[in-house]
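Derivation of every value follows stated rules applied to the coordinates shown; laboratory data play no part. None of the values given here were measured: they were computed from a predicted structure. Note: ideal-geometry Cβ built from the backbone for every residue, glycine included; neighbour counts use all protein chains shown.
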Amino acid sequence: MFTKKHIISMRDFSRAEIDAILKKAEELESFAKGKKSDLLAGKILALLFYESSTRTRLSFETAMKRLGGETVNMISTETSSASKGETLADTIRVVSEYADAIVLRHSKEGSARMAAEISNIPVINAGDGAGHHPTQTLLDLYTIKRESHLENLDIALIGDLKYGRTVHSLAYALSLYGANISLVSPEQLKMPDEIKGDLRKRGIDVSETTKLEDVIPNADVLYMTRIQKERFPDPSEYQKVAGTYRISAELLKDARDDMIIMHPLPRVNEIDADVDATKHARYFQQAFYGVPVRMAVMSLVLGAR
Ligand code: NCD
């Protein structure tokens with residue numbers, strides 16, 4: 001029985017709850033490919049995006065529409081009342097009277113938790129600044145389950161581990177599955193101590209390095225991330241680390257045969273185009289899995305049977 005009202009952080013999830021969502025996603029995957037369904041007929045999802053998005057927003061919309069539901073959108077702060085100075089709290093109060101659930105992306109950490117306190121309909125966090133991005137993690141786990149294995153996983157999280165919300169959420173969730181986690185980042189962009197501490201408390205083997213080459217031979221999964229340019233207080237600090245890691249087909253010669261490469265996307269220059277055609281690339285498949293996983297999330301949150 002799924003009892004979560006809001007989806008705010010992976011820290012709120014047990015392994016049994018995650019497994020239930022992944023199972024539901026598997027059941028619904030054929031509808032993501034076009035089979036007709038009216039599971040969410042009559043339901044309206046409000047998409048409130050105060051930050052840019054392509055996959056997250058479009059896959060939530062696709063998921064709702066393929067299950068017979070509908071969406072209303074606020075995707076540009078310039079054309080909404082946010083530009084007139086309306087607070088997020090007031091917008092949430094109003095929209096929670098229009099729709100059946102809200103998906104919120106906002107630049108401020110903690111904004112989704114705050115919205116959930118105000119809203120009388122479910123709130124799903126689609127990214128709160130450098131905080132969390134739980135539905136991305138659910139689709140990442142689904143990808144790992146389908147394309148590799150969740151048990152005894154050797155995974156390297158690479159890139160911007162300081163500001164990257166996808167890796168913050170993913171690290172927590174992987175700790176529930178007992179993964180070996182290698183953290184690869186420049187010195188300035190290391191995983192926050194609080195998260196590393198939590199992982200170690202859960203008995204997870206966490207190692208850190210600045211060198212991508214160190215982790216390639218042993219990894220089951222390379223999880224690449226974009227350096228989060230927009231989160232740097234000082235643009236010159238971004239310039240110092242931009243382009244630090246770059247995977248090319250050549251660099252993968254020492255990788256295991258069944259190693260997979262994931263990336264939440266968008267990529268800037270972390271993965272060369274010549275990697276796309278290798279047996280390792282899964283990032284576009286991963287983006288597709290966003291649809292069945294968000295179908296599962298919406299059907300569970302909206303109580304559809
Ligand atoms: C990510 C995000 O917004 O956190 N994108 C996504 O949702 N797929 C990653 C990123 O922007 O780098």
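Quick rundown of the values:
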read-out: Global geometry of segment 174-305, whether rounded, prolate or oblate, following the gyration tensor of its Cα atoms and the 1.5 cut on a/c; value: rounded
read-out: Residue exposure sequence - His149, His132, His106 - by fewest surrounding Cβ within 10 Å; value: His149, His106, His132
read-out: Mean Cβ count within 10 Å, highest first, over the residues of peptides 111-122, 287-298; value: 287-298, 111-122
read-out: Gaussian network model of the chain, springs between alpha carbon atoms under 10 Å - residue of Lys84, Lys190, Lys33 with greatest fluctuation; value: Lys84
read-out: Sequence of Phe284, Phe2, Phe31 once ranked by neighbouring C-beta atoms within 10 Å, starting from the fewest; value: Phe284, Phe2, Phe31
read-out: Global form of the chain, assessed from the alpha-carbon gyration tensor, a/c cut-off 1.5; value: prolate
read-out: J(HN,Hα) series, segment 145-160, from Karplus relation 6.51 cos²θ - 1.76 cosθ + 1.60, nearest Hz, glycine and proline x; value: 4, 6, 9, 9, 7, 7, 7, 6, 7, 9, 10, 10, 9, 10, x, 8
read-out: 5 angstrom amide H check on Ile260, placed H, neighbours 5+ away; value: Val221, Leu222
read-out: Alpha-carbon centroid distance for the pair segment 180-239 / segment 252-295, whole angstrom; value: 18 Å
read-out: Helix-only CD estimate at 222 nm, as mean residue ellipticity for the chain, using -39500 (n - 2.57) per DSSP H run (n ≥ 4); value: -11000 deg cm²/dmol
read-out: Whole-Å distance, taken between Cα centres, linking segment 126-141 and segment 2-29; value: 13 Å
read-out: Sorted by Cβ neighbour density within 10 Å, fewest at the top, the residues Tyr98, Tyr177; value: Tyr98, Tyr177
read-out: ³J(HN,Hα) computed for each position of segment 263-270 - Karplus, 6.51 cos²θ - 1.76 cosθ + 1.60, integer Hz, glycine/proline x; value: 7, x, 6, x, 8, 9, 9, 6
